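Q: Once you've had a glance at the structure underneath, I'll fire off some questions.
The values are calculated or read from the model by the stated rules, or taken from the named source; none is laboratory data. For clarity, every value in this text was computed on a predicted model and none was experimentally measured. Cβ sites come from the backbone with ideal geometry, for glycine too, and all protein chains shown count toward neighbours.
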Amino acid sequence: MTQTLIGYARCSTDKQDLEAQKQALAALGVAEDRIYTDHGLTGTSRARPGLDQALAAVRQGDTLVVSKLDRLARSVPDARAIADQLTAKGVRLALGAAVHDPTDPMGKMFFNILATFAEFEADLIRARTREGMAIARARGKLRGKQPKLSEKQQKELRRMHGSGEYSISDLAELFSVSRPTVYRTLNRASRPVGP
């Protein structure tokens, strides 16, 4: 039975490049046509078509190769689930040049420590992103989605609705907006403004 090396590479955003990971996998002996990729998908999302293809491609005796554990998973449960799936198929997992041996207690502990660090790093990134958005919002730089209608149009829509002569559908057609937009405009008017 011949052992095949199957590679997997992932980057979280469309602006990132997979080339460095592909080169690292090639240096580890993975053939170019055996590298599966996901581009613009986070490691916290389990819906990763490239990873699913890589997991389907590996057979007993093969090795799944990733440059680093955080390219495979960004949470401990996900990393554990993938490792268990590979073990059940009789497939080894190589993290860079190190091959993870799930039967070895030290190897298992080391894998869990790496997975914990990958999850911690993902949590830090999310926290920094939330913090940055809060600062931008406080400075007025992040205002969310702007209303489809101008203030003048919103006033007129509310006036027309208040007259009782126009239905929600009539207003949506007259202002070329959806019914939910009409409802949002009317709800905005009924909300109290500040203390």
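Q: Could you say whether any residue in the stretch 48-67 is of a type in the set (Lys, Arg), in the same structural domain as Ile113 (by TED's automatic domain parsing) and assigned to a loop (DSSP other than H, G, I, E, B)?
A: yes
Q: Here is a further query. Just checking, how many residues over the stretch 59-88 are of a type in the set (Lys, Arg) and surrounded by 15 or more Cβ atoms within 10 Å (Cβ to Cβ)?
A: Residues that pass the stated criteria total 3.
Q: Among the residues of the stretch 1-16, are any in a helix (DSSP H, G or I), assigned by TED's automatic domain parsing to the domain that holds Asp123 and without any contact (Cβ under 8 Å) to a residue 60 or more places away in the chain?
A: no
Q: Right, something else. I want to confirm something. Restricting to the stretch 174-195 and keeping residues that are among the charged types (D, E, K, R) and surrounded by 10 or more Cβ atoms within 10 Å (Cβ to Cβ), which single residue is modelled with the lowest pLDDT?
A: Going through the qualifying residues, I end up with Arg188.
Q: Among the residues of the stretch 118-140, what is the count of those that are part of a helix (DSSP H, G or I), over 22 Å from the mean Cα position of the chain (by Cα) and not hydrophobic (A, V, I, L, M, F, W, C)?
A: 1
Q: What tally of residues in the stretch 87-108 results from selecting those that are in contact (Cβ under 8 Å) with a residue 24 or more places away in the chain and either hydroxyl-bearing (Ser, Thr, Tyr) or assigned to a helix (DSSP H, G or I) (or both)?
A: Total meeting the criteria: 1.
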